Amino acid sequence: MTDEDLSKELQADIPHAARMWNYWMGGKDNFAADRAAGDAVAGVYPEIALMARYSRQFLIRVVRYLAAEAGIRQFLDVGTGLPTMQNTHEVAQGIAPESKIVYVDNDPMVLVHARALLRGATTSYVPADYHEPEAILTKAAETLDFSQPTAVMFMGVMGYEPDLAEIHRIVGTIFGATSSGSHLVLWDGTNTSPEVVAGSDKLAESGGVPYILRSPAELATCFEGLELVEPGLTQITKWRPEPGKVEYIDAYGAVARKP
């Protein structure tokens with residue numbers, strides 16, 4: 001894809017999930033349409049910016065655990081989004097420099113950043129849609145050895161798929177290719193307050209891709225047959241939090257090990 005083609009695909013006049021998330025996190029890689037839609041959601045669910053920041057803190061804690069305690073040296077981050085504070089490769093390689101990371105996303109702006117930032121044999125980027133799990137595995141295998149334990153991460157992205165059965169197919173196909181000792185990490189927004197439901201409705205009204213909020217029980221089905229790491233499926237702010245006050249947020253996630 002040429003730079004000109006990439007520019008056309010950015011579609012700056014249409015709100016895009018990765019850019020809106022970047023806006024909520026306080027980033028600069030977004031356009032007016034993203035900010036307008038982001039503000040509309042925040043108008044009925046002000047906690048969305050907190051959710052964005054808390055989700056990144058969750059990622060940091062999870063990757064630290066996986067690299068430092070679980071001994072994971074391979075990470076497949078599906079739906080990575082735009083780079084912000086302490087991305088997966090920075091956290092993992094800060095603990096174990098030999099860690100290998102593959103990022104997957106289909107957003108053209110993410111590709112721009114990937115071209116500029118991801119270099120070398122230990123960190124790579126796969127431009128793909130998560131609805132193509134077999135293609136993701138084929139490309140990721142150029143960097144990762146799936147016969148070795150791998151962390152597969154879906155961080156807040158499965159809400160963009162309306163069919164839970166399709167989510168099971170995607171997660172099952174990708175994680176099914178990993179070895180014993182691999183870990184699945186998944187979180188998503190949940191329908192646990194009227195305000196967050198209103199925020200989801202406002203997102204769709206504003207022209208953004210609809211985000212399907214699910215119950216914690218529905219998210220739990222993604223971890224069936226796996227060994228949940230303590231404290232199990234919980235609000236992302238309550239998963240091994242740093243000392244201090246733990247805030248409530250309408251987002252649940254878990255880390256689970258393949259026996």
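For this structure, a couple of remarks:
- Of the chymotrypsin sites (Phe, Trp or Tyr not before Pro) found in the range 215-254, those that fall in a DSSP loop while having at most 15 other beta-carbon atoms within 10 Å are TYR248.
- The chain: DSSP helices with Cα axial extent of at least 27 Å and average Kyte-Doolittle hydropathy no lower than 0.5: 48-68
- The GluC sites (Glu not before Pro) of the range 116-180 meeting both criteria, a DSSP state outside H, G, I, E and B (loop) and at most 12 other C-beta atoms within 10 angstrom of the site's C-beta, are GLU142.
- Stokes-Einstein D (µm²/s) once Rh is taken as the Kirkwood radius of the chain over alpha-carbon pairs, at 25 °C in 0.890 mPa s: 133 µm²/s
- Estimated dipole of the range 165-259 in Debye, rounded to 20 [Cβ of Lys and Arg +1, of Asp and Glu -1, Cα centre]: 300 debye
- Two-site label geometry, ASP163 and ALA36: point separation in nm, points 7 Å out along Cα→Cβ: 3.3 nm
- Sparsely packed loop sites in the range 215-259 (the GluC sites (Glu not before Pro) outside DSSP H, G, I, E and B with at most 16 other Cβ atoms within 10 Å) comprise GLU224, GLU247.
- Working from label points 7 Å from Cα in the Cα-to-Cβ sense, the GLU224 to ASP129 distance is 2.6 nm.
- The chain: relative contact order in percent, alpha carbon pairs under 8 Å with at least 6 residues between: 19 percent
- Antiparallel beta bridges, as assigned by DSSP with both residues in the chain, represent about 35 percent of the total such bridges.
- Charge dipole magnitude, Cβ of K and R +1, D and E -1 - the chain, Cα centre, debye nearest 20: 840 debye
- Residue among TYR125, PRO210, ILE170 farthest towards the positive dipole end of the chain, charges placed on Cβ: TYR125
We did not get these values from a lab; they are worked out from the coordinates using the rules stated. All values reported here derive from a predicted model rather than from experimental measurement. With ideal geometry, Cβ positions are generated from the backbone for all residues, glycine too; neighbour counts draw on all protein chains shown.
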